[in-house]
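Reading through the structure tokens given below for one structure.
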Amino acid sequence: DTEVTQTPKHLVMGMTNKKSLKCEQHMGHRAMYWYKQKAKKPPELMFVYSYEKLSINESVPSRFSPECPNSSLLNLHLHALQPEDSALYLCASSRQMKVHYGYTFGSGTRLTVV
Amino acid sequence: KNEVEQSPQNLTAQEGEFITINCSYSVGISALHWLQQHPGGGIVSLFMLSSGKKKHGRLIATINIQEKHSSLHITASHPRDSAVYICAVSNTGNQFYFGTGTSLTVIP
């Protein structure tokens, strides 16, 4: 299995909703990443987990809450989002945090906040 | 100034043409990545290279470490190659810098 699987593919949520994005990989990668990508822009790093511990938080607002329950799974919990948070959310993984060999992206979750 | 610059920003080609996308970077790197993103879709990693040249099917990627420059070539281009191609570089400090992408359209 050489994939990063993200679910759901599309999500529409209201500003008062609570939802979660899920990312899964079974490549034995110990670093996992959340990115946010607005239209026609490169991805922006949000969080990095290394060995299931949060290593990097790029000053992301607290309405985004990451969680890494085990080495294969990464969640992004969403609460009280704003319309400007609408974007493509990409998950990625690599063998280790400072070794980008095998850097693999998921297909993303297209989030729309209404 | 971006750490990674790509050219051209937009490229239209006829099917069958040879295509070159260029990438220049200004930081020290451990590896350079070429990524492909179809409209509205996720990102696929095409190549990761730190020296020399790699080939996969009709795609060829080269890197010149001294000149801090890489090229992605597509031979015998096809409409299904239409996508955004992103150059990204990574270093041992876990920084991952993305270029702004080259939007390629191949016309039948």
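The values are calculated or read from the model by the stated rules, or taken from the named source; none is laboratory data. These numbers come from a predicted model, not from an experiment. Reconstructed Cβ throughout: ideal geometry from the backbone, glycine too, with neighbour counts over all protein chains shown.
Apart from one condition, A:ILE56 fits all of (1) in a strand (DSSP E or B); (2) touching a helix residue (DSSP H, G or I) at 6+ places or on another chain (Cβ under 9 Å); (3) not aromatic (Phe, Trp, Tyr); the exception is (2).
Kindly evaluate B:HIS73 against the criterion of being under 15 Å from the mean Cα position of the chain (by Cα) and either at pLDDT below 95 or in a loop (DSSP other than H, G, I, E, B) (or both). No.
Cβ separations smaller than 8 Å between residues 6+ apart or across chains give the following pairs from the stretch A:54-81 residues that are under 16 Å from A:GLY14 (Cα atoms) to residues that are of a type in the set (S, T, N, Q) and modelled with pLDDT of 95 or more: A:ARG63/A:GLN82; A:HIS77/A:SER20; A:HIS77/A:SER65; A:LEU78/A:SER20; A:LEU78/A:SER65; A:HIS79/A:SER65. Going by the conditions given, is A:LEU76 crowded, with 20+ Cβ neighbours inside 10 Å, away from chain B (no Cβ under 14 Å), among the aliphatic types (A, V, I, L, M) and more than 12 Å from the chain's Cα centre (by Cα)? No; evaluated as a whole, the condition is false for this residue. Once the stretch A:79-107 is narrowed to residues that are more than 17 Å from B:LEU46 (Cα to Cα) and in contact with a Gly (Cβ under 8 Å, 6 or more places away or on another chain), the residue that is nearest to the other protein chains (Cβ to nearest Cβ) is A:LYS98. How many of the residues making up the stretch B:76-108 are out of contact with any Asp or Glu (no Cβ under 9 Å at 6 or more places or on another chain), polar (S, T, N, Q) and not in a strand (DSSP E or B)? Residues that pass the stated criteria total 4. Any chance the stretch A:54-67 includes a residue that's within 21 Å of B:SER45 (Cβ to Cβ) and aromatic (Phe, Trp, Tyr)? Within the stretch A:54-67, not a single residue is within 21 Å of B:SER45 (Cβ to Cβ) and aromatic (Phe, Trp, Tyr).
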